[in-house]
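Inspection log for the structure reproduced underneath, given as C-alpha cells.
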Amino acid sequence: MSVTPLEYVWLVTGANRGIGLELTKQLLRNPSNIVLAACRNPDQAAALNEVAQAANGRVHVLCLDVTDRSSIRDAFSEATRILGDKGIDYLLNNAAINLRDWDSAFTLDPDVMQQVFETNVVGPAYITQVFLPLVEKSAKKMVVNVSSELGRFNADFGTRSTSYSVAKAGLNMLTYKQQKERPDIVFISLCPGWLKTDMGGQEAPNDVAVGVEGVIKTILGLTPVDSGKFFNWKGQELSW
Ligand code: NDP
C-alpha cells in the first residue's frame, strides 16, 4: 500500500461499535486519514465492514483481541505489512469493558475485577509496547489511552463501578509512566464524556457523535507539552 506524506495513520481498538466505530467514521471525513480499525471478531463486525467497504482502501480491519497477547502480536505484523514503511501517527487504546456497573469495594467479584483489569489496563499496556516501533516511525507519535472520569480521585461518583474505576485509575498511571519513560512520544489519557453507547446506556446526555467530534478535536490540538496529562472531550485538562 502506498501512503503519501500528507496522510496520517490512526489505529483504533474496539472499532466495531460504540465510540470506536464512530471514531472510524468521523476520521474518514478527512481524506488525509488512514484507519487501522481493530476488533476481536472482524467476521461479525457488519457495521465496520460496511464502513470499510465504502472507504476506498482507507480503512483496514484488523483482528485484535486486547486480552490475547498473540492476537496483539499478529495484529502488529499485519499492520506492518499493510503500512509498508509508514508508521502509526495516532494509537487510540479505546476498547474496554465495564462488566458490573453496580460493583462496590465490598461487593465486587474478584474474577470480574481481574477481567476488567486485563482488558482495560493490561491490554492497552501491551498493545502500546508491541506497536511502539510503528508509533516511533510516524510523524505525530501520539498515544491516547481512552479513560474515564470514573477513574479520577476526588470526583464524586459514589461507590459504584469500582472495578472499572480502579482499572481506569490504573490506566491513567500507565499514561504517566509511559510519558516519563518516553518524552519523545505524546501520551495522554482522555475521557470521551458520558455517551449513548452500549456501555454508556441510552440515558447518557450526549450522542456518541457529539463526544467523538470533541475527542478528535482534542487529539488534533495536542502538542508535546500536553504529554502525561488527562483531558476531557472538550479539551479541558482534568486533575487525576
Ligand atoms: P462499548 O461497550 O459500546 O464498546 C466497547 C468496545 O470495546 C467494543 O468494540 C468491544 O468489542 C471492544 N472490546 C471489549 N473487549 C474487547 C477485547 N477483549 N478485545 C477487543 N475489543 C474489545 O463502549 P464505548 O464505545 O462506550 O467505550 C469506548 C471507550 O470509551 C472505553 O474505553 C470506555 O471505557 C470509554 N468511556 C466510555 C464512556 C461512555 O459513556 N460510553 C464514558 C467514559 C469512558 P466487542 O463488540 O467485540 O465486545
Test: residue in the range 145-160 that is β-branched (Val, Ile, Thr), modelled with pLDDT under 95 and part of a loop (DSSP other than H, G, I, E, B)
yes
Can you find a residue that is within 9 Å of the ligand (Cβ to nearest atom), farther than 20 Å from residue 76 by Cβ, among the aliphatic types (A, V, I, L, M) and free of Cβ contacts under 8 Å to residues at least 40 places away in the same chain anywhere in the range 161-181?
no
Failed condition for residue 30, given (1) among the polar types (S, T, N, Q); (2) more than 10 Å from the ligand (Cβ to nearest atom); (3) closer than 22 Å to residue 187 by Cα
(3)
Give the residue, chosen from 154, 206, that is polar (S, T, N, Q), away from the ligand (no atom under 16 Å from the Cβ) and more than 22 Å from residue 75 (Cβ to Cβ).
154
Would the range 182-196 turn up any residue that is more than 14 Å from the ligand (Cβ to nearest atom), in a helix (DSSP H, G or I), closer than 16 Å to residue 90 by Cα and out of contact with any Gly (no Cβ under 8 Å at 6 or more places or on another chain)?
no
If residue 92 meets every condition in (1) under 15 Å from residue 130 (Cα atoms); (2) more than 15 Å from the ligand (Cβ to nearest atom) apart from one, which number is that one?
(2)
If I filter the range 105-114 for residues that are touching a Phe, Trp or Tyr at 6+ places or on another chain (Cβ under 7 Å) and within 14 Å of the ligand (Cβ to nearest atom), do I get at least one hit?
no
Using the structure shown, decide if residue 138 is out of contact with any Pro (no Cβ under 7 Å at 6 or more places or on another chain), closer than 20 Å to residue 19 by Cα and surrounded by 18 or more Cβ atoms within 10 Å (Cβ to Cβ).
no
Is it the case that residue 145 is among the polar types (S, T, N, Q), touching a Pro at 6+ places or on another chain (Cβ under 6 Å), closer than 19 Å to residue 22 by Cβ and within 13 Å of the ligand (Cβ to nearest atom)?
yes
Got a number for residues in the range 28-63 being over 14 Å from residue 18 (Cβ atoms) and among the hydrophobic types (A, V, I, L, M, F, W, C)?
12
Filtering the range 13-27 down to residues that are near the ligand (Cβ under 10 Å from one of its atoms) and at negative phi yields 13, 15, 16, 17, 19, 20, 21, 22, 23
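Here's the yes/no breakdown for (1) within 16 Å of the chain's Cα centre (by Cα); (2) crowded, with 19+ Cβ neighbours inside 10 Å:
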residue	(1), (2)
42	no, no
53	no, no
59	no, yes
63	yes, no
66	yes, yes
71	no, no
77	no, no
80	no, no
84	no, no
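The values are calculated or read from the model by the stated rules, or taken from the named source; none is laboratory data. Computed from a predicted model, the values in this text were never measured in an experiment. So basically every Cβ, Gly included, is an ideal-geometry build from the backbone, and we count neighbours across all protein chains shown.
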